[in-house]
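Participant: Take a look at this one; I'll ask things after.
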Amino acid sequence: MSMTIITTVLFLSVLWLVRRLSRIGRRKVGLPPGPPTAPLLGNLHIFPTEFAHYKFTEWAQVYGDVYSLKIGPGTAIVISSAEAVRELMDKRSATTVDRPPNFMADAVTGGLNMVLARYTEEWRILRRTASAVLTPNASARHLHIQRAEAAQLMYDLLQAPQGFYTHIRRYANSVMMSILYGKRCPRYETREATAFFHVQHLWEAALEPGAHPPVDLLPFLRYIPERWAPWKKLCKEVRKLQRELYFGLLGECEDRVWKGEDSGCFMDEVVLRQEEFAMSREMTGYLGGVLIEGGSDTTSSFLQTVVLALTAFPETLRKAQEEIDRVVGPNRLPTPEDIDHLPYIQAIIKETHRFRPVAPLAVPHCTLAFEEYRGFLIPEGTTIFVNTWGIYHDPKAFDEPEVFNPDRYIASEYGTKPAFDASDFKHTLPFGSGRRICPGIHVANNSLIVNTMNLIWGFNFSPPH
């Protein structure tokens, strides 16, 4: 072969490679609009490394409630309206049920974290098992536990109000430990409680969007030696701590069941019905773990926000106390049945979800097939971010969205402006959407109702003096 032919072939090969590389990161025709892209990186260089919901909401004001991001060669869609959530996440849930690849989660849990797992047969088994024992009727059977733990929370706040943050965390964790494992946590310093909150902090750090190199987009990063990859060390530590806690608790359940001494708690039932549910021991251990995570951290975050909001907005507290004094009176604790007669306190719960949603940026979904929406193309394998914060802080939908104002939910069912079409809103939005909605929603709602009523009935709130 002559040098001329070799040179020509090399030139054409380089030209082809340059052309291919130049397309990486470019927004393809048909995608929703979005921020300008850079070669190779797309929008990776401007992707927020923390509190992504703020930047996503800012971009939604510029590019609309459905826009796209290019994350290197990958594509992401951000949706910031209830209309888009209902259409894409609920009505088309068959194709938006998947999760995007998540190296960090898989390195820690082997793909068995029900919240983050891909749409596999294992996920379907985990989900069916959780749903089978977290029905509304089953959840109602745990109300006595929640009310007893809520009574201790009131006692703890009375004795040491400055510790409200950890008192609330103890409550949420003890409820879940009792329901799941028949083992409560009477103090925040209880071994299981401190172990959980320690590893949960590390777990959240591992999952923070943008906080670590994009291993899923640049697979070669997974081959970097651990000594140069701090994210690998973090995954290794979280996996070790999670397994010590979750499988230690599972072992206690198994011992009880094998001795015929099961307590009737959730995980005892799962162990008893393990074969019926087609659950392996690995799946069972991680199912219990993810339910502790889902119930402990989210419930405590919500109730902490309630305390802070009632402190910051004293007029809200005054109105709520007037209502509960009129309906319940001073001589007994509120009961779950009272909530139907307390519309303003119902409004406080709804407004807390709106004002500071526990998951301001819901766990991302991923498409299993090509979709078209509003004339935009959404390719298979596209990551979908549901920007819950942006939905609930949209000034077109809500008057003064940064003000905590439960009265908005007295004026309209979903708290929106009178002229705004709220037909696509739903009160379950803070708990997720589609086939990935939180299976523990009924247990969670009971905790939020019982404690919000108790806190308003029993306490005044003011900034520290």
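Participant: Mind listing the phi-derived Karplus ³J(HN,Hα) values for the range 419-425, rounded to whole Hz, using 6.51, -1.76 and 1.60 with θ = phi - 60°, and x for any glycine or proline?
Facilitator: With coefficients 6.51, -1.76 and 1.60, one gets 8, 7, 7, 9, 5, 8, 6 Hz.
Participant: Can I ask one more? Magnitude of the Cβ-charge dipole of the range 146-252, K/R +1 and D/E -1, about the Cα centre, nearest 20 debye?
Facilitator: The calculated dipole for the range 146-252 is roughly 240 debye.
Participant: Treating the angle as unsigned and between 0 and 90°, give the value, to the nearest 10°, between the Cα long axis of helix 343-355 and the longest Cα principal axis of the chain.
Facilitator: Tilt relative to the chain: about 30 degrees.
Participant: Taking the Cα centre of the chain as origin, work out the dipole magnitude from +1 charges on Lys and Arg Cβ and -1 charges on Asp and Glu Cβ, in debye rounded to 20.
Facilitator: Result for the chain is approximately 1380 debye, rounded to the nearest 20.
Participant: Which one of SER139, VAL62, PRO406 has its Cα pushed farthest toward the positive end of the charge dipole of the chain, where Lys and Arg give +1 and Asp and Glu give -1 at the Cβ?
Facilitator: VAL62
Participant: Specify whether the C-alpha gyration tensor of the range 118-173 places it in the rounded, prolate or oblate class, a ≥ b ≥ c being the square roots of the eigenvalues: rounded for a/c under 1.5, otherwise prolate if a/b is larger than b/c and oblate if not.
Facilitator: Because a/c hits 1.5 or more and a/b fails to exceed b/c, the range 118-173 counts as oblate.
Participant: In addition: What full-extension length gain, to one decimal in nm, is calculated for ALA278 and ASP255 as 0.36 nm per residue of separation minus the Cα-Cα distance?
Facilitator: Once the chain is fully extended between ALA278 and ASP255, it gains 6.3 nm.
Participant: Still on this structure: How far is helix 441-458 tilted, in degrees, relative to the longest principal axis of the Cα atoms in the chain, given as a value from 0 to 90 rounded to the nearest 10?
Facilitator: Value to nearest ten degrees: 50.
Participant: Mind sorting LEU250, LEU217 by how few other Cβ atoms lie within 10 Å of their own Cβ, fewest first?
Facilitator: Lowest to highest Cβ neighbour count: LEU217, LEU250.
Participant: Report the calculated FRET efficiency for GLU315 and LYS240 (r = Cβ-Cβ distance, R0 = 60 Å), to the nearest 0.05.
Facilitator: 0.75
Participant: So, one more: Restricting to Cα pairs below 8 Å that are 6+ residues apart, what does the relative contact order work out to for the range 30-458? Please round to a whole percent.
Facilitator: 25
Participant: With the crude spin-label approximation of a point 7 Å out along Cα→Cβ, what separation in nm comes out for THR135 versus ASP90?
Facilitator: Once both label points are built, they end up 2.4 nm from each other.
Participant: Out of HIS393, ALA130, ALA107, whose Cα points farthest toward the positive end of the dipole of the chain (charges: +1 Lys, Arg; -1 Asp, Glu; placed on Cβ)?
Facilitator: ALA107
Participant: Just name one of ILE292, ALA206, THR352: the one whose Cα is farthest towards the positive end of the charge dipole of the chain (beta-carbon charges, Lys/Arg +1, Asp/Glu -1).
Facilitator: Of ILE292, ALA206, THR352, it is ALA206.
Participant: Follow-up. Find how much the distance from LYS28 to LEU217 grows on full extension, using 0.36 nm per residue of separation minus their present alpha carbon separation; answer in nm with one decimal.
Facilitator: Working it through step by step, the gained length comes to 66.3 nm.
Participant: Please state the shape class of the range 153-260: rounded when a/c is under 1.5, otherwise prolate if a/b exceeds b/c and oblate if not, all from the C-alpha gyration tensor.
Facilitator: oblate
Participant: With charges set only on the Cβ (+1 for Lys and Arg, -1 for Asp and Glu), what does the dipole of the range 388-465 come to about its Cα centre, in debye to the nearest 20?
Facilitator: 340
Participant: Is the shape of the range 223-361 best called rounded, prolate or oblate, per the rule: a/c under 1.5 gives rounded, else a/b larger than b/c gives prolate, else oblate, with a ≥ b ≥ c the square roots of the Cα gyration tensor eigenvalues?
Facilitator: oblate
Participant: Please list 108-120, 185-197, 358-370 highest first by mean number of surrounding beta-carbon atoms within 10 Å per residue.
Facilitator: 108-120, 358-370, 185-197
Participant: Follow-up question, since we're still on this one. Under 16 Å from the Cα of LYS350, which lysines turn up, not counting those fewer than eight places away in the same chain?
Facilitator: Counting by Cα, and skipping residues close in sequence, LYS350 has these lysines nearby: LYS319, LYS417, LYS426.
Participant: The range 199-263: which trypsin sites (Lys or Arg not before Pro) are DSSP loop and have at most 14 other beta-carbon atoms within 10 angstrom?
Facilitator: Here the trypsin sites (Lys or Arg not before Pro) that fit, given the DSSP loop and packing criteria, are LYS259.
Participant: Compute the FRET efficiency between TRP228 and THR194 as 1/(1 + (r/R0)^6), taking r as their Cβ-Cβ distance and R0 = 35 Å, and round to the nearest 0.05.
Facilitator: Working from the Cβ atoms, E equals 0.65.
Participant: Let me ask another. Please give the length that would be gained between TYR54 and LEU368 if that part of the chain were fully extended, namely 0.36 nm times their separation in residues minus their C-alpha to C-alpha distance (nm, one decimal).
Facilitator: 110.3 nm
Participant: Also: Provide the FRET efficiency to the nearest 0.05 for the LYS417-ASP340 pair, computing r from the beta carbons and using R0 = 22 Å.
Facilitator: 0.25
Participant: Follow-up question, since we're still on this one. Compute the acute angle (0 to 90°) between the alpha-carbon long axis of helix 143-159 and the principal axis of greatest extent of the alpha-carbon atoms of the chain; round to the nearest 10°.
Facilitator: 80
Readers should treat all values here as calculations from the given coordinates under stated rules, not as data from a laboratory. As the structure is a computational prediction, the values presented were derived from the model and not from experiment. Cβ sites come from the backbone with ideal geometry, for glycine too, and all protein chains shown count toward neighbours.
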